[in-house]
Amino acid sequence: MQKLFVIMPFGIKKASHLPSGQLDFDYVYANIIKPAGQDAGWNVLRIDELVEPGLVSDQYFREILSADLLLADISAHNANVFYELGVRQAVSTGGTILFAYEGTPIPFDLSTQRVLFYQIEEPRADEARKKITHYLLNHSELPKGNPVQTYLQNVGASTSPQRDLAAFERDFSARIERAHSIDQLIAVWQWAKNLEPLPVAPLLELAERLSSSQEWRVAADVLKAALRLQPEDFEIHRQLGWYLQQLGPQYDSESLASFERALELNPRDPETLGMIGGRFKRLKQFPEAAKYYTEAAKVSPNSLYVLVNQAAVKILADLSDTSEGVTLYSELVAKILAGPIDQADIWAELVLAEAFFAIGNDADSHTHYRQAVNLATSPKSLHSAARQLEIFAEAGFRTRSARKLAKLLRSGKRTASHADQASEGERLSTRVAVEKSSYELPLIIHLSDLHFGKHVKDGVTREMHRFHDGLNSQALSKHVIEEFKAKSSRYSSDISRIHLVVSGDLTYLGTESEFDLARFSVEEICDGLNIPKERVHFVPGNHDVNWGLSKADPRKRLDNYIAFLVRFYGEKLFPARYPKIKWPLTYLASPPPPSDIISFDSDEKAGIVIAGLNSCVYENEQHHYGFIGDNQLRSLKSMLTDLNPPREWIRIAVIHHHLHPFPEFLDTRGDAPVWLDVSTLRDAGHVERYLERLGFDIVLHGHKHKPLMRETRVRDLQPLESEPLPLIVCGAGSVSCVELEHNVANHYQIIDVTRIPRQPGAEFLRVDWRTMPLDAGAEWFSSKIWEILG
């Protein structure tokens, strides 16, 4: 329902220009304004009707900004009313009705705006009511804007889609990006919704942000605006149906209409079919639900979501022992164990457990539900699975077992220790036979782009590192320690296996004080998790190059980084880790060339080699791109030859810059004749092929401030002794920088090596993407868990 917010004096006020010399504004509100608004189907509100805690000024500012329309009674020339009217026209793009008793002199500054005049005696009062009702009913067709907004747009102080659509779209997107609370997101929508034409892309971004905070009503309004611009977009119709469904039964028919329209536009979309099936399932119309899930299964035969729901509603529609649903669940067990379905493991565990329950195998069902509890990073998926079991119990299907298993899921109680958890092969009923490894399989914490330091622009100083000790924040080191020491952590018993990798950009300007902050942070992590410094690995990033030192003497641009390494590792460990750097380092000696800043380490117990390459060979105050060069690669080859590690050992290379371009649009505006991502490693192809031929398995990098996963293999004409396995390239986002693209969160990754030696077709790595949005109060969560085969 649209809202009309009324600003006016309260009670009886003097009005010398009126025949009676006074006016009862409460009477005007109760007998003219409010009835007129209600006749038009609007929600009418005056500030004295708002009963909630908080500052009154904040409340009326919120209503002034958010109301679809504001009515200002200016009959008494009241200072508060004029102030609030000025605020409305300055900050809101929404419309305003000026309302005044007939004969009221209108101030010059308002004389160009339309005024609705009224009298309180009948039948003139009834005429006034009808004027307001007519205005509200036709509000959407009337011109928008006001003189203040028009002026601000004319002078460029405010953007307008009619004057410069591209500038407006940038402004719209930037406002969404800056919004860190639900109130701020709603305020962005209140500003934008009265303007036209609106660009679709920011609308979709805004709707997604609103929905993630479960602000379904406003998110639905935003999508409706997007649909007016792209009425044939089935995905928008589908998403709108989902948002409306969350608003409750009163929106059920509207939600179904959106789903059905999406299906008309794309009859073979499995998500739409599944959503409609879910709607009928929620309404307990199981035969109708089965029809849609069956269609979805034809289109998407490997979707666990579709297949498990198809089987469930078949049983709920027919509770007999010969139900088709039992047969479907049996087929689902075989399908999962055969391994053709690509799903995150916890989801596969829950589906497999439900399938075993449905076919009467409670023992295996209990085992897999227990594994799901051990793997869960939040209770949401467990509670959803428990609700499915409770639906079975309510329908009378294996009631006792269903309730017992649902209780297990809702308790969320993990097994006593990691040793009690089945291995991945056991969890999936030995999908691939896994022999016990003779190595202490490493667990790698990969952090990148910490960016300790400050950025000064136009006299404004901004901290680039997100975390610090304060009332509403804590240091990055504490976050990482809690991630691994919390009782709910799936890695709490694996601390002894940890290797810590930091792939560059520890600082922002490469100063000595910034490196001290970075060192203290990493040392706190090591102390908190008992990680010996032998198992910590660094490479420099472009922000670790000091441009000031570079201008004075290009050879010294990495001096602060090298000093950081010496202080961290100490005089005994540093020479062993960096064998190309001549030791001891002295003040008068020439700094080592950038290509010699290559680290090399092996861990016999873990069965790994970790090499750190300097991708900032050419980085200085003028040149900003990644490059490694043949000298480093040949040095790496020599180090491997000297070590001669067993071939089954896992070889990991760490760099800062990314090997591969990210799947993203590049800016095609401007005069540049060529558009490309200039920050990709310049000699990426050569480096990639060289690492493959040296038998490297994994490349870890950062730089881009957002994650990426690639598996790649270079094929060319040169003869090879054997076919190399794909190079697995794991890019981490920024763990703590605040300078991120819109809708990109802070990110780091945990790489769990699950098998040594690496074998094709068998699980090799589990990569856990840990993510924390920039929203206040956000926490780390697993946004994706990748299971990588050898």
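General remarks:
- Sequentially through region 681-694, phi angles give Karplus couplings (6.51, -1.76, 1.60; θ = phi - 60°) of 3, 4, 9, 4, x, 5, 4, 4, 5, 5, 5, 4, 6, 7 Hz, Gly and Pro residues having no value and appearing as x.
- Two-decimal ratio, region 291-373, of alpha-carbon radius of gyration to 2.2 N^0.38 Å: 1.02
- Taking θ as phi - 60° and the Karplus parameters 6.51, -1.76 and 1.60, the scalar couplings of region 541-557 work out to x, 4, 7, 8, 8, 8, 5, x, 5, 5, 5, 6, 7, x, 5, 9, 5 Hz in sequence order, x denoting glycine and proline.
- Extension gain, Ile495 to Asn138: 0.36 nm times the residue separation minus the Cα-Cα distance gives 121.9 nm.
- Kirkwood hydrodynamic radius of the chain, from inverse mean 1/r over distinct Cα pairs, in Å: 30.9 Å
- Bridgeable aspartates and glutamates around Lys193 (alpha carbons under 12 Å apart, same-chain partners fewer than 8 residues away excluded): Asp68, Asp221.
- If R0 is taken as 56 Å, the Cβ-Cβ distance between Val738 and Leu283 corresponds to a FRET efficiency of 0.80.
- Around Thr399: net Lys/Arg minus Asp/Glu count, Cβ-Cβ under 14 Å: +2
- Ordering His77, Leu198, Trp547 by the projection of their Cα atoms onto the charge dipole of the chain, which places +1 on the Cβ of Lys and Arg and -1 on the Cβ of Asp and Glu, puts Trp547 at the extreme positive end.
- Put simply, the C-alpha atoms of region 172-236 give a gyration tensor, and the ellipsoid matching it has half-axes of 18, 13, 10 Å, longest first.
- Net charge in the neighbourhood of Ser253 (other residues with Cβ under 12 Å of its Cβ; Lys, Arg +1, Asp, Glu -1) is -2.
- Each residue was assigned an accessible area with a 1.4 Å probe, and for Thr399 the value is about 50 Å².
- Taken about its Cα centre, region 681-742 carries a charge dipole of about 120 debye when Lys and Arg each add +1 at the Cβ and Asp and Glu each add -1 at the Cβ.
- The chain - percent of accessible surface contributed by carbon and sulfur, probe 1.4 Å: 52 percent
- Within the chain, helix-based [θ] at 222 nm, where runs of 4 or more DSSP H residues each add -39,500 (n - 2.57), nearest 500: -13000 deg cm²/dmol
- The distance linking region 1-33 with region 244-312 is 52 Å (Cα centroid to Cα centroid, whole angstrom).
- Placed amide H near Tyr101: partners under 5 Å, 5+ positions off or other chain: Ser75, Tyr118
- Proximal lysines relative to Lys478, as straight alpha-carbon distance under 20 Å, when same-chain residues fewer than 8 apart are discounted: Lys487, Lys533
- Cα gyration tensor shape of region 1-157, rounded if a/c is under 1.5, else prolate or oblate by comparing a/b with b/c: rounded
- The residues of region 226-310 expose on average 47 square angstrom of accessible surface per residue, using a 1.4 Å probe on protein heavy atoms.
- Straight-line cross-link partners of Lys131 among the lysines, defined as a Cα under 23 Å from its Cα and at least 8 positions apart when in the same chain: Lys3, Lys34, Lys144.
- Amide H contacts under 5 Å for Ile444, placed H, 5+ residues apart: His499, Ile751, Asp752, Val753
- Radius 10 Å from Cβ of Gly626, net charge of other residues (Lys, Arg +1; Asp, Glu -1): -1
- Contact order normalised by residue count of the chain, Cα under 8 Å, 6+ apart, percent: 7 percent
- When you filter the trypsin sites (Lys or Arg not before Pro) in region 589-654 for DSSP loop state and at most 16 other Cβ atoms inside 10 Å of their Cβ, you are left with Lys605, Arg647.
- Whole-Å distance, taken between Cα centres, linking region 65-110 and region 192-243: 31 Å
- Where only C-alpha atoms are counted, convex hull volume of region 81-160 per residue in Å³: 99 Å³
- Sites Glu523 and Lys784, calculated FRET efficiency, Cβ-Cβ separation with R0 30 Å, nearest 0.05: 0.50
- Take the Kirkwood radius over Cα pairs of region 132-260, plug it into Stokes-Einstein at 37 °C and 0.692 mPa s, and you get 208 µm²/s for translational diffusion.
- The phi torsions of region 505-519, fed into the Karplus equation with coefficients 6.51, -1.76 and 1.60 and a -60° offset, translate into couplings of 6, 5, 10, 10, 10, x, 8, 4, 5, 5, 5, 5, 4, 5, 5 Hz, rounded to whole numbers, with Gly and Pro shown as x.
- Over 27 Å between alpha carbons, listed pairs Lys335/Lys380; Lys130/Lys224; Lys224/Lys314: Lys130/Lys224; Lys224/Lys314
- Plainly put, region 499-655 has a radius of gyration that is 0.95 times its Kirkwood radius, both from alpha-carbon atoms, as the Rg/Rh ratio.
- With q set to 0.18, 0.27, 0.31 Å⁻¹, the log10 of I(q)/I(0) for region 1-50, from the Debye formula over equal scatterers at the Cα positions, is -0.60, -1.00, -1.16.
- Residue pairs, from the table Lys556/Lys582; Lys706/Lys784; Lys551/Lys580, whose Cα atoms sit over 22 Å apart: Lys551/Lys580
The values are calculated or read from the model by the stated rules, or taken from the named source; none is laboratory data. These numbers come from a predicted model, not from an experiment. When we count neighbours, we look across all protein chains shown, and the Cβ atoms used for this are built from the backbone with ideal geometry, even at glycine. Heavy atoms of the whole protein, side chains included, go into the accessibility calculation; ligands, DNA and RNA do not. Shrake-Rupley method; radii C 1.70, N 1.55, O 1.52, S 1.80 Å.
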